[in-house]
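Take a look at the structure below.
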Amino acid sequence: MNDPQAPVAATPHDHLVQEAVGPPLAAGQAAATIGVGVNSLMILGVLPVLLGALAVEHRLTASQIGLSAAFEILAMGLSTAAMGMIRRPRRLRLIGAAASIGLAAVDLACMGVGGPLLLALRATGGAVEGVLLWITISMIARTVTPERWAGVFFTAQVIAQLAMAVAFAVWIMPRFGSFGGFIALALVGVAGLAPSLAVPSQFAPLPRAEGEGGAPPLRGWIALAATLVFVSGGSAVGVYLQPLAHQAGLDAGVARTALWVSLAAQVAGGAAAVTLAGRARYFTIFIVTSVTDLAVWWVFGQHIPAWLFITANAAGGFVGLLLGPFLVPMTIDADPSRRAAMQSGAAQLLGAAGGPLLASLVVGDRDVHGVLWMAVFLLFAGLAVVAWLRFNKPPLVGDGGGA
């Protein structure tokens with residue numbers, strides 16, 4: 001069996017999505033499938049601004065801001081996971097079109113409501129977004145170089161989110177408030193009909209041994225747990241960026257600048273992941289990311305000048321997007337059936353939601369540095385599991401992959 005980390009030789013048809021399971025896809029089909037996933041995650045790029053506006057309008061309390069984000073992301077992750085386990089990737093155009101319309105309807109329904117009803121609507125929206133994300137992950141999990149196509153997806157996602165966030169900050173929110181924000185999101189949902197109708201009608205089923213269900217094997221679940229734990233630390237620190245800036249002696253303007261610069265760095269990180277796909281081993285990327293994150297979090301705990309805080313956050317954003325695509329080959333290495341890879345996106349979303357929830361237990365109004373220590377613990381715990389999976393493989397007939 002081939003080593004999932006070994007470099008993949010280029011072929012004359014390398015511009016196609018070379019499917020490890022099923023026939024290759026045309027470039028237009030691949031682009032459309034990526035577009036469906038981008039549509040599913042657009043909300044994440046504007047969520048802080050939109051939730052902040054809802055609080056100013058007294059439609060959400062401070063605690064409900066966190067609950068709204070957590071409920072939506074959790075629902076998205078659970079929906080993606082459920083679809084990967086119980087639904088075969090068939091009739092994808094119909095599913096994508098229905099989900100796009102449904103998402104637009106949920107966004108429109110959020111106009112003028114608040115409190116528990118808004119929380120329920122955002123959770124519903126998250127479930128619909130998870131269905132759209134499942135379509136994209138279904139393609140990525142079947143490719144020969146999943147880290148490359150995950151990198152393309154992450155980069156396209158961040159570029160679209162950045163453009164949307166700028167439009168929200170400069171024009172939509174100042175003029176129209178949250179009403180305009182939800183209308184804009186609804187329009188994006190409707191626009192998502194176009195790529196939904198251009199995706200392949202179905203993907204080939206993933207291989208499974210006789211008698212096996214659609215759930216991953218034990219090593220696949222362990223890889224997904226490692227993904228969730230490793231991702232949750234960085235997510236928790238990101239949520240507390242502005243309080244960390246304040247405790248470093250900096251103002252809110254520095255935190256906002258750090259956020260924008262980080263988004264630009266994430267684009268570069270995604271592009272680097274695409275370049276390194278098929279060349280770099282995923283465990284090397286985990287080590288580089290871990291060392292960088294530890295350095296960034298140490299900087300966040302000091303009294304530092306603004307330029308260093310902004311630079312550190314940009315470095316964290318770069319390695320965060322660099323790592324993301326390599327989480328997929330890590331799960332494939334642990335579970336060659338690729339059923340765990342189908343759940344990688346869900347595990348990342350659950351980690352993104354769980355990190356801030358855990359952080360709320362270790363921070364206080366006067367000191368949020370506890371989130372940094374918590375993130376360090378989660379990073380080492382996740383990395384230890386990844387290392388165990390990488391260097392303690394069960395013996396397989398014909399396995400020539402090296403460490």
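The values are calculated or read from the model by the stated rules, or taken from the named source; none is laboratory data. The model shown is predicted, which means the values in this text are computed figures rather than measured ones. Heads up, the Cβs are rebuilt from the backbone with ideal geometry, glycines too, and the neighbour counts pull from every protein chain shown. Calculation scope for accessible area: heavy atoms of the full protein, side chains included, ligands and nucleic acids excluded. Shrake-Rupley method; radii C 1.70, N 1.55, O 1.52, S 1.80 Å.
Numbers at a glance
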quantity	calculated
Principal axis dimensions, largest first and in whole angstrom, of region 276-356 by Cα	49, 30, 14
Alpha carbon centroid spacing (whole Å) that separates region 311-359 from region 75-154	17 Å
GNM top mover of 364, 180, 355 - the chain, alpha-carbon springs below 10 Å	364
Mean Kyte hydropathy of 0.0 or more with a Cα span along the axis of at least 15 Å, helices from DSSP in the chain	27-56, 62-86, 92-109, 115-140, 146-167, 173-191, 218-239, 252-276, 282-300, 306-323, 344-359, 370-391
C-alpha center-to-center spacing [region 33-67, region 225-278] in angstrom	17 Å
Value of [θ]222 nm, deg cm²/dmol, for the chain, DSSP H segments ≥ 4, -39500 (n - 2.57) each, nearest 500	-24000 deg cm²/dmol
Rotationally averaged projected area of region 237-327 (alpha carbon convex hull; nm²)	5.3 nm²
Residue 293 accessible area, assembled protein chains, probe 1.4 Å, Å²	20 Å²
Solvent-accessible surface (1.4 angstrom probe) belonging to residue 389, in square angstrom, nearest 10	10 Å²
Assigned charges on the beta-carbon of Lys, Arg, Asp, Glu; the chain dipole about Cα centre (debye)	540 debye
Among 151, 386, 342 - extreme Cα towards positive end, dipole of the chain, charges at beta-carbon	342
Fraction of accessible area attributable to carbon and sulfur, the chain (%, probe 1.4 Å)	70 percent
Gyration tensor verdict on region 34-90 (Cα atoms; rounded if a/c is under 1.5, prolate if a/b is larger than b/c, oblate otherwise)	oblate
Solvent-accessible heavy-atom area per residue, rounded to whole Å², over the chain at 1.4 Å	41 Å²
Charge context of residue 241, other residues only, Cβ under 15 angstrom, K/R +1, D/E -1	-1
